[in-house]
Amino acid sequence: MKLIAAPAGFTWATCLFGLYLCIAMAWPTAYAGTAASAESKPEVLAQIPTARAGGKGLLRFWGFEVYNASLWVAPSFKPAELGEHPIALELEYLRKFGSEEIARVSLEEMRRSGGFSEAQGQHWQSTLAKMLPPVKPGDRLLGVYRPGVGAAFVFNGKPIGEIADAQFGKLFFEIWLGPKTSQPKLRDLLLAGVK
């Protein structure tokens with residue numbers, strides 16, 4: 001067996017630091033915080049008059065900051081009873097995304113939580129893509145879950161539409177809050193203020 005010599009200047013410390021940077025950049029991370037009070041968010045109170053602030057977190061993927069997420073819940077909300085109480089979740093975008101991309105990724109994430117037909121998924125994706133505008137840094141998209149009804153959406157403080165489908169509403173909010181979310185750290189941060 002022939003050994004290969006390390007390049008000049010090689011140290012295990014730089015190798016380990018490089019490995020650490022690769023892992024840190026690839027690992028989705030989030031930071032803790034508390035959502036702004038409902039009193040400072042009239043669009044939340046307009047949808048859920050008794051809302052209280054939950055948690056807040058930053059989604060970072062491959063080292064890139066994607067959005068800040070903030071949760072508001074009804075006073076009776078319990079994480080174990082997700083789907084039974086109204087909630088509001090706001091995403092403040094830190095990057096630019098097209099409406100088609102947001103809709104496509106939303107449906108991919110919704111599939112983690114529950115099954116639905118291909119036709120249903122195509123209908124939801126098409127409806128989302130038509131309703132949601134493209135986003136740029138600083139834009140705020142608020143989703144409001146209405147149990148048994150569906151989901152309403154507010155963009156930069158202005159209502160833009162709703163999807164009146166109870167199954168869609170529940171699966172959509174499970175993207176962030178469901179037990180099968182792809183971002184469990186962010187889920188924990190969002191729910192930390194309401195446990």
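The values are calculated or read from the model by the stated rules, or taken from the named source; none is laboratory data. Here the structure is a predicted model, which means the values were calculated and not measured. Reconstructed Cβ throughout: ideal geometry from the backbone, glycine too, with neighbour counts over all protein chains shown.
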Query raised in the report: Out of the residues in region 70-104 that are of a type in the set (Asp, Glu) and part of a helix (DSSP H, G or I), which is farthest from LEU142 (Cα to Cα)?
Result: GLU81
Report task. Return a yes/no flag: does region 105-113 have any residue that is part of a helix (DSSP H, G or I), within 12 Å of the chain's Cα centre (by Cα), within 20 Å of LEU59 (Cα to Cα) and among the hydroxyl-bearing types (Ser, Thr, Tyr). Result -> yes
Query raised in the report: Out of curiosity, is SER126 at pLDDT 95 or above and among the hydroxyl-bearing types (Ser, Thr, Tyr)?
Result: yes
Report task. Select, from PHE97, PHE168, the only residue that is of a type in the set (A, V, I, L, M, F, W, C), under 27 Å from GLU81 (Cα atoms) and surrounded by 15 or more Cβ atoms within 10 Å (Cβ to Cβ). Result -> PHE168
Report task. Return only the number of the condition from (1) surrounded by fewer than 16 Cβ atoms within 10 Å (Cβ to Cβ); (2) β-branched (Val, Ile, Thr); (3) not in a strand (DSSP E or B) that VAL194 does not satisfy. Result -> (1)
**Report entry** The lone exception for GLU43 - which of (1) surrounded by 17 or more Cβ atoms within 10 Å (Cβ to Cβ); (2) over 18 Å from the mean Cα position of the chain (by Cα); (3) under 17 Å from LEU190 (Cα atoms); (4) not basic (Lys, Arg) it fails
**Finding:** (3)
Report task. Inspect region 137-148 for any residue being on the phi < 0 side of the Ramachandran plot, of a type in the set (Lys, Arg) and assigned to a strand (DSSP E or B) and give the result as yes or no. Result -> yes
Requested in this report: Determine which member of the set THR181, THR127 is of a type outside the set (A, V, I, L, M), in a loop (DSSP other than H, G, I, E, B), out of contact with any His (no Cβ under 7 Å at 6 or more places or on another chain) and surrounded by 15 or more Cβ atoms within 10 Å (Cβ to Cβ).
Outcome: THR181
**Report entry** Condition check for ILE175: crowded, with 21+ Cβ neighbours inside 10 Å and either small (Gly, Ala, Ser) or within 23 Å of PRO137 (Cβ to Cβ) (or both)
**Finding:** yes
Report task. Hey, can you tell me all the residues within region 157-173 that are without any contact (Cβ under 8 Å) to a residue 24 or more places away in the chain and not in a strand (DSSP E or B)? Result -> ALA164, ALA166
Report task. Kindly check whether there is at least one residue in region 56-72 that is under 17 Å from ARG187 (Cα atoms), touching a residue at least 24 places away in the same chain (Cβ under 8 Å), of a type in the set (Lys, Arg) and in contact with a strand residue (DSSP E or B) (Cβ under 8 Å, 6 or more places away or on another chain). Result -> yes
Query raised in the report: Within region 130-156, which residues are among the small types (Gly, Ala, Ser) and either loosely packed, with under 15 Cβ neighbours inside 10 Å or touching a residue at least 40 places away in the same chain (Cβ under 8 Å) (or both)?
Result: GLY138, GLY143, GLY148, ALA152
Report task. Output yes when any residue across region 181-193 is closer than 16 Å to ALA103 by Cα and either acidic (Asp, Glu) or within 15 Å of the chain's Cα centre (by Cα) (or both), and no when none is. Result -> no
